[in-house]
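Worksheet for the structure shown next.
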Amino acid sequence: MDQTPTVPETMRAAVLVAPGEPLAVKRIRTPRPRSGEVLVKVTACGLCHSDLHVMSGKILFPTPAVLGHEVSGVLVELGENTLHSGLAVGDAVCGAFLMPCGQCPDCARGRDDLCAPFFRFNRLQGQLFDGSSRLADLDGSVIAQYSMGGLAEYCVIPVTAVTPMPGGMDAVAAAILGCAAMTAYGAVRRGADLRHGETVAVIGIGGVGSHIVQVAHELGARRVIAIDVDDDKLEHAIRYGASDVINSRHVNARDRVLALTGGRGVDVAIEALGFPTTFEQALTLLADGGRMVPVGLAAGSQTAAVEINRLVRRGQQVRGSYGARTRTDLPIVVDLAARGVLDYRGVVSERVSLYRAEETYRRLERGAVSGRAVVEMALNDR
Ligand SMILES: [Zn+2]
Ligand SMILES: [Zn+2]
């Protein structure tokens, strides 16, 4: 049997005390895994744009809470009923934000992305599937966990949302595979159901958009048009396989897309920002019969306008895509990264300490993070 490494009683975590307040790095109790769960010593955790909506209170979530939903780490303890996973203590692993229960009707038909218990317990209440959080303050008071609560030295993850990483991977950069890269794969492979030779436009070239460009290119898109308002991000997009770039601050994106596609528009437009304006813009880029796939989360219950007759007469579709099918797709995403098909390392632009998470989120909010920033748990600078 594997020897479980000594796990300390307490750990450092970045705690969101209340919406609108800065993250506070403090000591809380180290969580322990229950049935169907594993304990991971966190190597790195990505800082994702969707956290900002929770931090500001635009997306409601209980506090105090530990955020952080894309992690890499080392498995240090297996809970009961996890042996079927084939995982072992000491494995380098990657964890996904979308943690399927594995038991509900949607999970049974493979639609991990629709798992209702995940939304009910975790996204609404900050809990795991037994209706409690694994996190608690030193005095025992409950701390909610957003996904696994990865902005901490340790985190508990349902075994359904963990996959081993082969040797030779960059364990820090790999943190982003469980949200940014998996969401991109889900958008292209599941949401858009991209076919070889189709044309694709991607709006928003951040952590997710950069991966969408790569996945679309690798899955055989004839043309991948990257759209952003930042020339640096567009330059990166070319490196990731974009055939064309449009700075929509200076150029009318629809006119340019039509010019690039012989007046047709694109077969697939993927929107990665979650703004009503870019959602509407994505629809204007579509060819007849085209699919618009929104993957960016809006700030709360925002709406966008859809031109009814155009959608009806042109046979166009809007196909929302949230994450991917974790149990099937996370191992594929890790494999794509391990084989160098996905340049996940290039997307990671900054490695910061847990103490600098708050400041880095503020820069992310201003659009000043190109690619993806990750917290590297071994760093300690303030
Ligand atoms: Zn995310
Ligand atoms: Zn489920």
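What follows draws every value from the coordinates through simple rules; no lab data is involved. Here the structure is a predicted model, which means the values were calculated and not measured. All Cβ positions, glycine included, derive from the backbone under ideal geometry; neighbour counts span all protein chains shown.
Neighbours of Leu177, meaning other residues whose beta-carbon lies under 14 angstrom from its beta-carbon, give a summed charge of -2 when Lys and Arg score +1 and Asp and Glu score -1. With the charge dipole of the chain set up from +1 on Lys and Arg Cβ and -1 on Asp and Glu Cβ about the Cα centre, the Cα lying farthest toward the positive end among the listed residues Cys94, Cys107, Pro22 is that of Cys107. Under 17 Å from a label point set 7 Å out along the Cα-to-Cβ vector of Ile332, the amide N atoms of segment 159-180 belong to 161-164, 177-180. Rounded to the nearest 20, the size of the Cβ-charge dipole of the chain about its Cα centre is 700 debye, with Lys and Arg at +1 and Asp and Glu at -1.
Using R0 = 25 Å, the C-beta based FRET efficiency linking Arg362 and His250 works out to 0.40. Relative protection proxy for 163-170, 54-61, 299-306, from highest mean packing down: 54-61, 163-170, 299-306 (other beta-carbon atoms within 10 angstrom). In order along segment 135-146, phi translates into HN-Hα couplings of 9, 8, 6, 4, 7, x, 6, 5, 10, 6, 10, 8 Hz, rounded to whole numbers, per the Karplus curve 6.51 cos²θ - 1.76 cosθ + 1.60 with θ = phi - 60° and x for Gly and Pro. Take 251-262, 327-338, 145-156 and order them by the average number of nearby Cβ atoms within 10 Å per residue, most first; the result is 145-156, 327-338, 251-262.
A protection proxy built from the mean count of other Cβ atoms within 10 Å ranks the segments 279-285, 5-11, most packed first, as 279-285, 5-11.
Relative to one another, the C-alpha centroids of segment 39-53 and segment 196-256 are positioned 25 Å apart.
Placing R0 at 30 angstrom, the Cβ-Cβ distance between Asp288 and Phe119 gives a FRET efficiency of 0.30 after rounding to 0.05. Here is how the number arises for the chain: DSSP H runs of 4 or more residues each give -39500 (n - 2.57), the sum is divided by the residue count, and the result at 222 nm is -6000 deg cm²/dmol.
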